[in-house]
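Chemist: Shown below is the structure under consideration.
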Amino acid sequence: MTDYSEILKQERNADWRVELRNSVANKDRVTVERVKMTEAEPSERIKSQTCEVNKGLTADEARREASRCMDCVTPTCIEGCPVSINIPKFVKYIEAGKFLQAAATLKEFSALPAVCGRVCPQEKQCEAKCFYTQKMKKEPVAIGYLERFAADFERESGKIQVPKVEKRNGIKIAAIGSGPASLSFAGDMIKFGYDVTVFEALHEIGGVLKYGIPEFRLPNSVVDVELENLRQMGVNFEKNFVVGRTASFDDLKELGYKAFFIGSGAGLPNFMNIPGENLNGVMSSNEYLTRVNLMYANQSDSDTPVLRGKCVAVIGGGNTAMDAVRTSKRLGAERSIIIYRRSRDEMPARLEEIKHAEEEGIEFMNLANPIEYLPNAEGRVAKVRLQRMKLGEPDASGRRKPVPIEGDIVEIDIDIAIVAIGVSPNPLIPACLAGLKMSKWGTIEVNEQTMQSSIPEIFAGGDIVRGGATVILAMGDGRKAAGSMHDYLKNKHNL
Amino acid sequence: MNKIVEKQRLSELVFKFVVEAPMIAKSRKPGNFVILRVGEKGERIPLTIVDSDLEKGTITLIVQNVGASSGKLCVLEAGECITDLVGPLGKATHIFKAGTILAMGGGVGVAPLYPIVEAFKKAGNRVITVIAARNKDLLILEKEMREYSDELIVMTDDGSYGKKGLITEGAEEVIKREKVNECIAIGPAIMMKFAAQLTKKYDIPTQVSLNTIMVDGTGMCGACRVTVNGETKFTCVDGPEFNAHQIDFDEMLQRLRAYKNEEDQAKKK
Ligand SMILES: Cc1cc2nc3c(=O)[nH]c(=O)nc-3n(C[C@H](O)[C@H](O)[C@H](O)COP(=O)(O)OP(=O)(O)OC[C@H]3O[C@@H](n4cnc5c(N)ncnc54)[C@H](O)[C@@H]3O)c2cc1C
Ligand code: SF4
Ligand code: FES
């Protein structure tokens, strides 16, 4: 990407950047302490499923935090970002008080900055590569908070810029699934001038952003604004439409669709296949979160029920596990416990979610793995038997592998168990597309540069290609696929 | 939004709806179901597609008013709309020429059985159908079933119509009388359990269609888990039809009660 580093250099040399850089000495910049995010009080926020925990930065806080960034010659933070956002540029716009320009910069790279600012694992990405972290062993610039600030500022200012779209070229394109992968794909394709329809199986648009990630971490209203933007740009949304069932790919081709992007996600919940897992009271995190986030089962006027336990055990250490366990606290559990087979250091969840969970009184039973669920007289789960673990040698993922401590087994009393040990790719689409090349993990195989599958007019991205991954990677895939599908169609249709 | 074009009361608690859904009408096969939702806070409820009309672009659903959610649907009238409707879901029934088919339908289970009986008949089988209900007033689709059955036996628990007795009694008479190649049974879980026991005794391959709890119906949540041949399956995508002799019915009956306390509380409100 020599081109990009050239552009970065040129932009860094813009007059306003040079002036801003020289206005404060670096030795002063580094003395500023990293901003603390204002948070809702733990005792208050656990009373509500919708109270967002992080309150966002004020304009003063954001500018001060942005002033910590030294606008490095080699901005390593960008290497940490899966979509290579021009981080110093948007940060410096914030320092300069030009918040709308900061938001516009973000949007050149990311379709949903308000979402990514909230849910990206920054401590493993951009902020891990920040000069402060790498060279000074200090707390990194709060890139995630700043991203969220700029995007929220734009949204709340009511001055959202609906991007310009090219003249319609009349070519119909379908995106399957409405998670971040498809949404970012659709946003780009509509800009290029295509007729874009997004098909979604559920009755809500947004994929995991709606049915999975809870309101206290990502308010639906934030996602809805982005969806409204896409609608205004001309994207069609067809909900309650299962591609492969409601209509086949052939049916869609007959309706005039020329190319397809599959962003159907990794929706299939994994279970451990241990005794008692089908007892009442044991369920997947997807079921639990869907009942609450998609069906509003926590609200009294909802027809969908949800179990409310006194003692809820959540199995797993990822974001999904944190979302489920914190939801259970909000639904009134007295004890909410994370059961994880490795230690805190290996947890795949965002650091911030673990911290918030701890503040909310979530108990952590690390180095423990369920081996059986035991019922009460009514056949509901009443206990979980746990095998205690210790950490052994690192495994393929580089994390130390948990091994059982022979004979060290404990039982704890629970009334709900939520299994959040990962998801597998949704098998529905592959099952109905003969000739689509799949991996042995059930993901769709694509050319990594173009996201094109073994069937030329079919592209794919997000979790259906990667297995359970992240929002930003899904969005990156969607953009990449849009770019290369555009090239493919230009050739094919002589545009 | 899908418009209801026709509504008919089949018995005290059972209603038939003909609903506009042209795409589903075209792609559905016997054994498929839909999931629908009434109102913004409505529950997602699965219903088997009983029939479809390609020309009119409609599907037929039959629903028994048993709880808050089915109740919300049952008060809708022709001309009104169903908030959300998605399908066809689930695997289609494996229809083939088996010889003699014995079809058993209990209660509102007669409705999902109907398209299957029709398909087996059209595939050239001899079809003997046994339908049952608690009493005469609760019996549905008798006339329609008769059309596609070489023989129709009606059973009621109280003897108010047809023969008095359980559906399995009617079925066993047939099995004793003549060679049956394949059975299919749909109805309350407890009825399917006993039907499975009966046909196992006579070693007749049997399919049942399970009505587990569901949320999404697309394989995403696992609420519909059932144990088949010792393995966990998702009813909505791996079924709804399974080999009756491999199902852990006791577990299934238990799982149907998963939200009983919550539902009882909702009823009190
Ligand atoms: C609870 C939870 C918390 C998470 N937290 C984070 C986090 O903090 N940070 C982060 O980066 N990532 C997080 N993730 C992961 C992240 O959400 C996913 O990686 C991302 O959403 C994947 O996007 P996608 O577009 O590939 O698919 P999805 O968001 O999964 O969307 C796929 C959509 O396709 C639909 N679909 C499937 N098949 C069909 C079909 N045949 N026809 C029509 N529609 C279909 C599905 O209904 C679904 O709505 C979390 C995931 C979960 C479950
Ligand atoms: S998109 Fe994610 S990784 Fe990239 S700069 Fe923003 S927070 Fe960091
Ligand atoms: S109903 Fe959710 S997986 Fe079957």
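Chemist: Which of the residues belonging to region A:270-286 are surrounded by fewer than 24 Cβ atoms within 10 Å (Cβ to Cβ) and within 16 Å of ligand 1 (Cβ to nearest atom)?
Modeler: Selection gives A:N270, A:F271.
Chemist: Could you tell me how many of the residues in region B:220-269 are part of a strand (DSSP E or B), touching a residue at least 12 places away in the same chain (Cβ under 8 Å) and surrounded by 15 or more Cβ atoms within 10 Å (Cβ to Cβ)?
Modeler: 8
Chemist: State yes or no: is A:F260 more than 10 Å from chain B (Cβ to nearest Cβ), crowded, with 17+ Cβ neighbours inside 10 Å and in contact with a strand residue (DSSP E or B) (Cβ under 8 Å, 6 or more places away or on another chain)? Before you say what the answer is, go through the steps one by one.
Modeler: Working: more than 10 Å from chain B (Cβ to nearest Cβ): yes; crowded, with 17+ Cβ neighbours inside 10 Å: yes; in contact with a strand residue (DSSP E or B) (Cβ under 8 Å, 6 or more places away or on another chain): yes.
So A:F260 fits the description; yes.
Chemist: Looking at region A:287-299, which of the residues that are assigned to a loop (DSSP other than H, G, I, E, B) and within 8 Å of chain B (Cβ to nearest Cβ) is surrounded by the fewest Cβ atoms within 10 Å (Cβ to Cβ)? Explain how you work it out, then say what you get.
Modeler: Looking only at region A:287-299, we keep the residues that are assigned to a loop (DSSP other than H, G, I, E, B), and these are A:295-299.
Filter again for within 8 Å of chain B (Cβ to nearest Cβ), leaving A:295-296, A:299.
Values: A:M295: 24, A:Y296: 17, A:Q299: 12.
Taking the candidates together, the pick is A:Q299.
Chemist: What is the one condition in (1) over 19 Å from A:A321 (Cβ atoms); (2) open to solvent by 60 Å² or more (accessible area, probe 1.4 Å); (3) not basic (K, R) that A:E363 does not satisfy?
Modeler: Of the numbered conditions (1) over 19 Å from A:A321 (Cβ atoms); (2) open to solvent by 60 Å² or more (accessible area, probe 1.4 Å); (3) not basic (K, R), the odd one out for A:E363 is (1).
Chemist: Next question, about the same structure. Exactly one condition in (1) more than 9 Å from every other protein chain (Cβ to nearest Cβ); (2) modelled with pLDDT of 95 or more; (3) under 27 Å from B:C221 (Cα atoms) is false for A:L279; which is it?
Modeler: With respect to (1) more than 9 Å from every other protein chain (Cβ to nearest Cβ); (2) modelled with pLDDT of 95 or more; (3) under 27 Å from B:C221 (Cα atoms), A:L279 is out only on (1).
Chemist: Mind listing whichever residues of region B:107-138 are of a type in the set (G, A, S), open to solvent by 10 Å² or more (accessible area, probe 1.4 Å) and under 21 Å from B:A92 (Cβ atoms)?
Modeler: Residues satisfying the conditions are B:A119, B:A123, B:G124.
Chemist: Identify, please: which residue in region A:244-254 is more than 10 Å from every other protein chain (Cβ to nearest Cβ) and open to solvent by 50 Å² or more (accessible area, probe 1.4 Å) and is, among those, farthest from ligand 1 (Cβ to nearest atom)?
Modeler: Applying the first criterion (more than 10 Å from every other protein chain (Cβ to nearest Cβ)) to region A:244-254 yields A:249-250, A:252-254.
Now restrict to residues that are open to solvent by 50 Å² or more (accessible area, probe 1.4 Å): A:250, A:253-254.
Details: A:D250: 14, A:K253: 16, A:E254: 17 Å.
The selected residue is A:E254.
Chemist: Mind checking which residues of region A:308-323 are within 13 Å of chain B (Cβ to nearest Cβ) and surrounded by 24 or more Cβ atoms within 10 Å (Cβ to Cβ)?
Modeler: A:T320 - this is the single residue of region A:308-323 that is within 13 Å of chain B (Cβ to nearest Cβ) and surrounded by 24 or more Cβ atoms within 10 Å (Cβ to Cβ).
Chemist: Next question, about the same structure. In this structure, does B:M214 turn out to be more than 9 Å from chain A (Cβ to nearest Cβ), part of a helix (DSSP H, G or I) and not aromatic (F, W, Y)?
Modeler: When the stated conditions are applied, B:M214 does not pass them.
Chemist: For A:I85, state whether it is in contact with a Leu (Cβ under 8 Å, 6 or more places away or on another chain) and within 16 Å of ligand 1 (Cβ to nearest atom).
Modeler: Yes, satisfied.
Quick grid of which residues meet (1) within 15 Å of ligand 1 (Cβ to nearest atom); (2) surrounded by fewer than 24 Cβ atoms within 10 Å (Cβ to Cβ); (3) among the hydrophobic types (A, V, I, L, M, F, W, C); (4) within 23 Å of the chain's Cα centre (by Cα):
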| position | (1), (2), (3), (4) |
| --- | --- |
| A:G80 | yes, yes, no, yes |
| A:K98 | no, yes, no, no |
| A:F109 | no, yes, yes, yes |
| A:E123 | yes, yes, no, yes |
| A:E127 | yes, no, no, yes |
| A:K138 | no, yes, no, no |
| A:A150 | no, no, yes, yes |
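Chemist: Turning to a different aspect of this structure: Got at least one residue in region A:443-454 being open to solvent by less than 30 Å² (accessible area, probe 1.4 Å), within 13 Å of ligand 1 (Cβ to nearest atom), within 14 Å of chain B (Cβ to nearest Cβ) and not hydrophobic (A, V, I, L, M, F, W, C)? Before the answer, list the steps.
Modeler: Here is the first cut: in region A:443-454, the ones open to solvent by less than 30 Å² (accessible area, probe 1.4 Å) are A:443-444, A:451, A:453.
Now drop any that are not within 13 Å of ligand 1 (Cβ to nearest atom), which leaves A:443-444, A:451.
Subsequent filtering for residues that are within 14 Å of chain B (Cβ to nearest Cβ) retains none.
There is no residue in region A:443-454 that is open to solvent by less than 30 Å² (accessible area, probe 1.4 Å), within 13 Å of ligand 1 (Cβ to nearest atom), within 14 Å of chain B (Cβ to nearest Cβ) and not hydrophobic (A, V, I, L, M, F, W, C).
Chemist: Going through A:D415, A:D463 one at a time, which residue ends up being of a type in the set (D, E) and within 17 Å of A:L183 (Cα to Cα)?
Modeler: Result: A:D463 is the single residue among A:D415, A:D463 that is of a type in the set (D, E) and within 17 Å of A:L183 (Cα to Cα).
Chemist: Testing A:G435 on (1) open to solvent by 70 Å² or more (accessible area, probe 1.4 Å); (2) more than 14 Å from chain B (Cβ to nearest Cβ); (3) under 22 Å from A:G461 (Cα atoms); (4) more than 24 Å from the chain's Cα centre (by Cα), one condition comes back false. Which one is that?
Modeler: All conditions are met except number (1).
Chemist: Which of the helices (runs of 4 or more DSSP H) contained wholly in region A:40-141 include at least 1 residues that are polar (S, T, N, Q)?
Modeler: Hits in region A:40-141: A:42-45, A:59-68, A:76-80, A:99-109, A:131-134.
Chemist: To continue, here is another question. Taking strands (runs of 3 or more DSSP E) that fall entirely within region B:34-152, which contain at least 3 residues that are away from chain A (no Cβ under 14 Å) and of a type in the set (F, W, Y)?
Modeler: On the way: elements: B:45-53, B:58-64, B:84-89, B:100-106, B:126-133.
Fully inside region B:34-152 and qualifying: nothing.
The values are calculated or read from the model by the stated rules, or taken from the named source; none is laboratory data. Because the structure is predicted, anything quoted here is derived from the model rather than measured. Quick reminder, even Gly has a Cβ in these numbers, built from the backbone with ideal geometry, and neighbours come from all protein chains shown. What goes into the accessible areas is simple: the full protein's heavy atoms, side chains included, and nothing from ligands, DNA or RNA. Shrake-Rupley method; radii C 1.70, N 1.55, O 1.52, S 1.80 Å.
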